[in-house]
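These notes are about the structure you will find just below.
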Amino acid sequence: MSVRAADVAAAVALESGEGSALAHTLARTARRNRLAVLAGVTLVAVAALAAAAPWLPLLDPDAVDTVKRLRPPFTEGHVLGTDEFGRDLLARLLWGARVSLVAGVVTAAAAMLIGVTIGLVGGFYSGWVEHLVMRLTDIMMAFPYIVLAIAIVAGIGPGLRNAMIAIAIVGFPLYARLVRGVVLSLREREFVEAARALGARDGVILRRHVLPHLVSPVVVAFSLDVGAKILATAGLSFLGLGTQPPTADWGSMLATGRQFVILSPHVVLLPGLAIFVVVLALNLVGDALRDLLDPRQRLR
Amino acid sequence: MKRYLAQRLLLLVPVLAGVSVIIFMVLHLSPGDPVDIMLGSQATPEDRARLRTQLGLDEPLPVQYVRWLGHVARGDLGRSLWMKRAVLDEVLARFKATLLLTGTALVLSTGAGIALGVASASRPHSWLDRTSAVASLFGASMPSFWLGIVLMVVFALWLGWLPASGMYAPYAGGDLRDLLAHLVLPAVTLAAASVTIVARLTRAAMLEVLGQDYIRTARAKGVMEGAVVLRHGLKNALIPIVTVIGVQAGYLLGGAVLTETVFAWPGVGTLMVQGILARDFPLVQGCVLVVALSFVLINLGVDLLYAWLDPRIRYE
């Protein structure tokens, strides 16, 4: 009993120490990395605008007005101009942001959930489970990323939901590999052995002793992955395999605008710029998170 | 090395088996009935049943899989529903164009990437190093298809220096000059993101090597700086660089799908997308199979090259 009390006290001391150290590092990172802070603010702003789109004084993103087609930016009534059907580009960009952002976050989260589970199981249990899991990820990685996604969409049919399913499936081996590597090294550590000697069941060991170690590498991978998933969804939409008309998403806006690029470059430039800015911001925040959470990388 | 080669080839068997199962399943997961697509809605039930037996669709899936695998092993990928031609011929004809595009992009990204990486590493924190860091961040964040469109607008439509799309000019084209002119924009677009990745990795590998004692010794001996960087430095940094180039080769092969669509380049990528939109499954299957096989072979090649460069790997 006394041993446990001492343990708890030590853990609390360690935790509070870690807490203030974390706050300190956070402050230092923010000071040193103004760009990442700016990127974070941009992301929050874009997400807030996208979330608030139904309540903002925007025009109907699907309202066709063929008289006013392909108007350049700063025309009266249309700040960012109109597309080939005379639809308001600002409204379509903001409504499209909802689709693109949600697609990026949801597919990355789904890939993460599947991948972390598989990686945990594959790393913790040696033997046939490990072999099965690793061969499965090997096979998935024997395809170029986007080609496998395209093949899956070919099988289950085009559409935003199916494109997201395909991208999530294709994305999980990344997390499975990452998590398995960490779990393999943890499996042999003394604290896991100690927990097992005390009679803890596998579920408890995984949840209480292994999972906490996975948080920072997975958070970093996830933050960088959301951007990659936004690019992938936009790519499938661009090929006509993702979002179907008239729904706006940044990739499909680019695809349809392509035919009018000579006369009205803004129809293509604006959605591309939107993807670029958001993914760039995500990458900057991801890099800063890595600096913050993974001290070994910071030394480089 | 022979032992390693045998081991590596043996490991290929389960991967290829898995790849074939996935490609086969993709066709059979599809909601549409191939019989409907081939016969249309006017067909009688008897016609449909006959075609179904003819195609072997009434047999259990494992039987169908084994038969399909047998056909594939003999180079018979079936007939395209849409073009009414043998899939293999069509895919191979298009694959040449994809290989040309991917190969050119790989040469570009390797050459420019290594040069940029070496230059950044020999002067860390110089303006060149900073610019390449920013460029790599941009490269990772920019949709390649968008970059392609922007390049097309600037260099083909505004400046008129290069052709906008296709592989040859429709009239009076067809020579090597024409082909190269058409190749520039797609190859640069495809290579753009990967140049920055190769450059960053080369820089990291070079910095690690340039910090070693033998580099200091070489400098102390009075070896010229250029020779130190290239002969003593780059040679020893090559192993991680070769690996990343291998990864990039596969990445470029996949990325070619999008780039081909932007520039109407007549490769496997455009064929695959057309096949999907036409619901021509044998064609899509053939395209995916050829691309996946070449990807597996590239990875094998990289592993072997790696083992050849670093003998320690063979004995693990």
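What follows is calculated from the coordinates using simple rules that are stated; it is not laboratory data. Values in this document were obtained by computation on a predicted structure and should not be read as measured data. We place every Cβ from the backbone using ideal geometry, glycine too, and count neighbours over all the protein chains shown.
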request  = Calculate the length of the line joining the C-alpha centroid of region A:216-254 to that of region B:200-214, in whole Å.
outcome  = 35
ask   = Dipole size in debye (nearest 20) for region B:171-236 around its Cα centre, Lys and Arg Cβ +1, Asp and Glu Cβ -1?
value = 360
task = Averaging sequence separations of C-alpha pairs under 8 Å and six or more residues apart, then dividing by the length of chain B, give the relative contact order as a whole percent.
result = 26
task = Neighbouring Cβ atoms within 10 Å as the yardstick, rank B:V21, A:V192 fewest first.
result = B:V21, A:V192
task = Enter the Cα centre distance for the pair region A:59-95 and region B:256-316, rounded to the nearest angstrom.
result = 40
Qualifying lysines (Cα of each under 25 Å from Cα of B:K96; at least 8 residues distant if same chain) = B:K84
task = Taking a cut-off of 19 Å between Cα atoms, list the aspartates and glutamates near B:K235, but don't count ones fewer than 8 places away on the same chain.
result = B:E208, B:D213, B:E225, B:D303, B:D310
ask   = Considering amide H positions built from the backbone, and no H for Pro or chain starts, which residues 5 or more places from B:R79, or on another chain, come under 5 Å of its amide H?
value = B:V87
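Quick one: which of B:199-210, B:215-226 comes out on top by average Cβ neighbours within 10 Å, and what's the full order, highest first?
Highest mean packing first, the order is B:199-210, B:215-226.
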key: Net dipole in debye of chain B [+1 Lys, Arg Cβ; -1 Asp, Glu Cβ; about Cα centre; nearest 20]   = 1020
Charge-dipole axis of chain B as Lys and Arg at +1 and Asp and Glu at -1 on Cβ define it, positive-most pick from B:S20, B:V188, B:Y214 = B:Y214
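For a footprinting-style exposure proxy, rank A:Y145, B:Y168 by other Cβ within 10 Å, fewest first.
Working: A:Y145 20, B:Y168 15.
Result, fewest neighbours first: B:Y168, A:Y145.
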query = When only Cα pairs under 8 Å and 6 or more residues apart are kept, what is the percent relative contact order across region B:44-143?
reply = 9
inquiry  = If the reach is capped at under 17 angstrom between alpha carbons, list the aspartates and glutamates near A:K68, excluding any in the same chain fewer than eight residues apart.
reply    = A:D60, A:E76, A:D83, A:E84, A:D88
inquiry  = Shape verdict for the protein assembly as shown, please, from the Cα gyration tensor: rounded (a/c under 1.5), prolate (a/b greater than b/c) or oblate.
reply    = rounded
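Can you compute the equivalent ellipsoid semi-axes for chain B, i.e. the square root of 5 times each eigenvalue of the Cα gyration tensor, sorted largest first and rounded to whole Å? Before the final figure, lay out each step's value.
Working: eigenvalues 396, 147, 41 Å².
Square roots of five times the eigenvalues give 45, 27, 14 Å.
Assigning unit charges at the beta carbon (Lys, Arg +1; Asp, Glu -1) and nothing else, what dipole magnitude in debye, to the nearest 20, does chain A show about its Cα centre? Walk me through the intermediate numbers first.
Details: 27 positive and 21 negative charges, 96 e Å.
Its charge dipole is roughly 460 debye.
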request  = Averaging sequence separations of C-alpha pairs under 8 Å and six or more residues apart, then dividing by the length of region B:232-306, give the relative contact order as a whole percent.
outcome  = 36
query = Simple spin-label model, 7 Å along Cα-to-Cβ: B:R231 to B:L304 in nm?
reply = 3.1
request  = Take chain B, connect every pair of alpha-carbon atoms lying under 10 Å apart with a spring to form a Gaussian network, then pick out the residue of B:V291, B:V244, B:V72 with the largest mean-square fluctuation.
outcome  = B:V72
message = How large is the Kirkwood hydrodynamic radius of region A:152-226, counting all unique pairs of alpha carbons, in Å?
response = 14.6
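Anything in chain A that counts as a DSSP H helix reaching 24 Å or more along its axis (C-alpha) with Kyte-Doolittle mean of at least -1.0? List them, would you?
Details: long enough: A:2-32 (44 Å, 0.18); A:34-51 (25 Å, 2.17); A:89-124 (50 Å, 1.77); A:160-187 (39 Å, 1.26); A:211-238 (39 Å, 1.41); A:266-293 (40 Å, 1.84).
Span-like helices in chain A: A:2-32, A:34-51, A:89-124, A:160-187, A:211-238, A:266-293.
Could you list the trypsin sites (Lys or Arg not before Pro) in region A:144-215 that lie in coil according to DSSP, counting only those with at most 15 other Cβ atoms within 10 Å of their Cβ? Please list the in-between numbers first.
On the way: sites: A:R161, A:R177, A:R180, A:R187, A:R189, A:R196, A:R201, A:R207, A:R208; in loops: A:R189, A:R201.
Filter output for region A:144-215: A:R189, A:R201.
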